[in-house]
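Novice: Structure below; questions to follow.
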Amino acid sequence: TLEEAKLMFEAGHTNACVNRLYYACFYAVSALLLTRNISTSKHSYVRSLLHRDYVKSGQVSKEMGDHFDLLFDSRQKGDYEDLVVFHAKEVQPWFEPTKSFVEHIADLIAREIR
């Protein structure tokens, strides 16, 4: 999904890029929740559980939680609101924190399944 985001960005499809950046994080958190036998397609519930169980406990930093929230809100705007266009200068800085977020969640998953 991160690779899809990169391709969308390079093609100038910034709204689609934001969508893919968000989904990279959403899929990662969904996989983490599966380690606890929690499965849901409700985005707001995934977000809530991330904050309640992982940010609040310090397993995920507040900054990473805030980044997830930024992508959550941005994806909502880009996908569902009229005339929303994200600009490359706005979106480009979101790649590194998204990659770090996904990697951190992957590390948590690895610890959970050991």
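Novice: From the residues in the stretch 13-36 that are in a helix (DSSP H, G or I) and β-branched (V, I, T), which one is surrounded by the most Cβ atoms within 10 Å (Cβ to Cβ)?
Specialist: Residue satisfying both the conditions and the ranking: V18.
Novice: Suppose we filter the stretch 73-104 for residues that are within 22 Å of K62 (Cβ to Cβ), open to solvent by 70 Å² or more (accessible area, probe 1.4 Å) and touching a helix residue (DSSP H, G or I) at 6+ places or on another chain (Cβ under 7 Å); how many remain?
Specialist: 1
Novice: Given the residues D73, D69, which is the only one that is under 10 Å from the mean Cα position of the chain (by Cα), closer than 19 Å to Y45 by Cα and among the charged types (D, E, K, R)?
Specialist: Numbers: D73 fails: under 10 Å from the mean Cα position of the chain (by Cα).
So the residue among D73, D69 that is under 10 Å from the mean Cα position of the chain (by Cα), closer than 19 Å to Y45 by Cα and among the charged types (D, E, K, R) is D69.
Novice: Regarding S61, is this residue at pLDDT below 95, on the phi < 0 side of the Ramachandran plot and either among the hydroxyl-bearing types (S, T, Y) or exposed (fewer than 12 other Cβ atoms within 10 Å of the Cβ) (or both)? So that I can check it myself, show each step before the final result.
Specialist: Numbers: at pLDDT below 95: no; on the phi < 0 side of the Ramachandran plot: yes; either among the hydroxyl-bearing types (S, T, Y) or exposed (fewer than 12 other Cβ atoms within 10 Å of the Cβ) (or both): yes.
Taking the combined requirement at face value, the residue does not satisfy it.
Okay, residues lined up against (1) touching a residue at least 24 places away in the same chain (Cβ under 8 Å); (2) in a helix (DSSP H, G or I):
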site: I38; (1), (2): no, no
site: L49; (1), (2): no, yes
site: R52; (1), (2): no, yes
site: H67; (1), (2): yes, yes
site: L71; (1), (2): yes, yes
site: S74; (1), (2): yes, yes
site: V84; (1), (2): yes, no
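Novice: Given the structure, is D107 closer than 20 Å to A5 by Cβ, open to solvent by 60 Å² or more (accessible area, probe 1.4 Å) and either assigned to a helix (DSSP H, G or I) or touching a residue at least 60 places away in the same chain (Cβ under 8 Å) (or both)? Can you show your working first?
Specialist: Working: closer than 20 Å to A5 by Cβ: no; open to solvent by 60 Å² or more (accessible area, probe 1.4 Å): yes; either assigned to a helix (DSSP H, G or I) or touching a residue at least 60 places away in the same chain (Cβ under 8 Å) (or both): yes.
No; evaluated as a whole, the condition is false for this residue.
Novice: Can you pull out the residues in the stretch 37-50 that are over 13 Å from the mean Cα position of the chain (by Cα), open to solvent by 40 Å² or more (accessible area, probe 1.4 Å) and not polar (S, T, N, Q)?
Specialist: K42, Y45
The values are calculated or read from the model by the stated rules, or taken from the named source; none is laboratory data. Everything quoted here is computed from the prediction, not taken from an experiment. Neighbour counts are summed over all protein chains in view; Cβ atoms, including those assigned to glycine, are modelled from backbone coordinates with ideal geometry. Ligands, DNA and RNA are excluded from the accessible area calculation, which covers all protein heavy atoms including side chains. Shrake-Rupley method; radii C 1.70, N 1.55, O 1.52, S 1.80 Å.
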